[in-house]
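The values are calculated or read from the model by the stated rules, or taken from the named source; none is laboratory data. Keep in mind it's a predicted model, so treat the numbers as computed, not measured. With ideal geometry, Cβ positions are generated from the backbone for all residues, glycine too; neighbour counts draw on all protein chains shown.
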């Protein structure tokens, strides 16, 4: 799929620059790889971006010079880009760039810069007698990334669509007598065959009592008749993440397994029915939580109902109970996130059902289409 066009990048730059007046900044230093990609289309494991009111200064070493040159010759070129090669140290190159620009008030991404780096910047600027004030900022680019543009939605929709074929292969791999790791290997091979560039996270295959552990990884346990098996998998397509969870049964499910699955299914349906513009993220979480509480499973649901999807597999918005560090926010068209209630009973197992959804002007579009019913394999 094509990278975002130059015009789309210009809109993103404009959004970020709107915060410059509010925060009294001359420039913003961007060090998060996902945020650099979002603003420049540069894909690499290293790089620093200095966004000013007029230009975007991208600092890269020789490994990425040719790739950036090719990018700038395409219709996905970053507008106003000034490329600066890093001969040795990124920190040294950054200070040299700021000195040349004469930037005084410089914001940086506090969540992505180590204390050691910040301390070095400050001490080195003082030693050079630079009049630079480094100001920590929080989530400036991440907040802009919450609303997906057309190219992002198209990529996320295609990433979710490809999970259909992967799920079919996974269902054939799940059977009594095989190890969890074998099922995970089949899943991961199917992800590669489907065209994903990499896994979005470590594949979860949690069988029997392991299904009561929400973030368990595939181990050496042998799947047995009667097990509930939680399968949580996702891939990255053109930089964007998809995420799906289904729970299946090895043979006919027990009455307790059916009770658990039905409760989680109904909780997810209640949450999906709540999604529309203007609704608070906490209200979506509450819709799922209330169903499980009414079924006597409130204590069995200990995590949030969902998380944002995009260049990171966990990003904003967070669909959870409001708390000081994660305030509730109203849903807006263009947000993409998971809805994944679960219920976990130690010693017995658990159920989680997860889908990816897009907030539309009137409600939501479910991007993932794998059947949610409890499948007996």
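Of all residues in the stretch 119-137, those satisfying the criterion of being assigned to a helix (DSSP H, G or I) and over 19 Å from residue 58 (Cα atoms) are 119, 120, 122, 123, 124, 125, 126, 127.
Scanning the stretch 127-169 for residues that are under 14 Å from residue 356 (Cβ atoms) and touching a helix residue (DSSP H, G or I) at 6+ places or on another chain (Cβ under 8 Å) yields a count of 2. The strands (runs of 3 or more DSSP E) found entirely in the stretch 269-367 that carry 2 or more residues being farther than 20 Å from residue 241 by Cα are 342-345, 349-352. Taken together, 46, 27 contain a single residue that is within 14 Å of residue 94 (Cβ to Cβ) and modelled with pLDDT under 95, which is 46.
A quick yes/no check of all residues on (1) in the same structural domain as residue 163 (by TED's automatic domain parsing); (2) within 28 Å of residue 210 (Cβ to Cβ); (3) without any contact (Cβ under 8 Å) to a residue 60 or more places away in the chain:
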| position | (1), (2), (3) |
| --- | --- |
| 279 | yes, no, yes |
| 321 | yes, yes, yes |
| 327 | yes, no, yes |
| 346 | yes, yes, no |
| 349 | yes, yes, no |
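Within the set 306, 278, the sole residue that is crowded, with 23+ Cβ neighbours inside 10 Å and either in contact with a strand residue (DSSP E or B) (Cβ under 6 Å, 6 or more places away or on another chain) or modelled with pLDDT under 95 (or both) turns out to be 306. Here residue 73 passes the criteria (1) touching a residue at least 12 places away in the same chain (Cβ under 8 Å); (2) more than 24 Å from residue 22 (Cα to Cα) except the one numbered (1). Within the stretch 163-177, if we keep just the residues that are touching a strand residue (DSSP E or B) at 6+ places or on another chain (Cβ under 7 Å) and not in a helix (DSSP H, G or I), the residue that is nearest to residue 377 (Cα to Cα) turns out to be 174.
Residues of the stretch 177-187 that are surrounded by 14 or more Cβ atoms within 10 Å (Cβ to Cβ) and touching a residue at least 24 places away in the same chain (Cβ under 8 Å): 178, 179, 180, 181, 183, 184, 187.
Tell me yes or no: at least one residue of the stretch 199-213 is farther than 14 Å from residue 248 by Cα and in a helix (DSSP H, G or I). If you could, list the steps in order and put the result at the bottom.
Initially, the stretch 199-213 is screened for residues farther than 14 Å from residue 248 by Cα, giving 199-203, 213.
Narrowing further to those that are in a helix (DSSP H, G or I): none.
There is no residue in the stretch 199-213 that is farther than 14 Å from residue 248 by Cα and in a helix (DSSP H, G or I).
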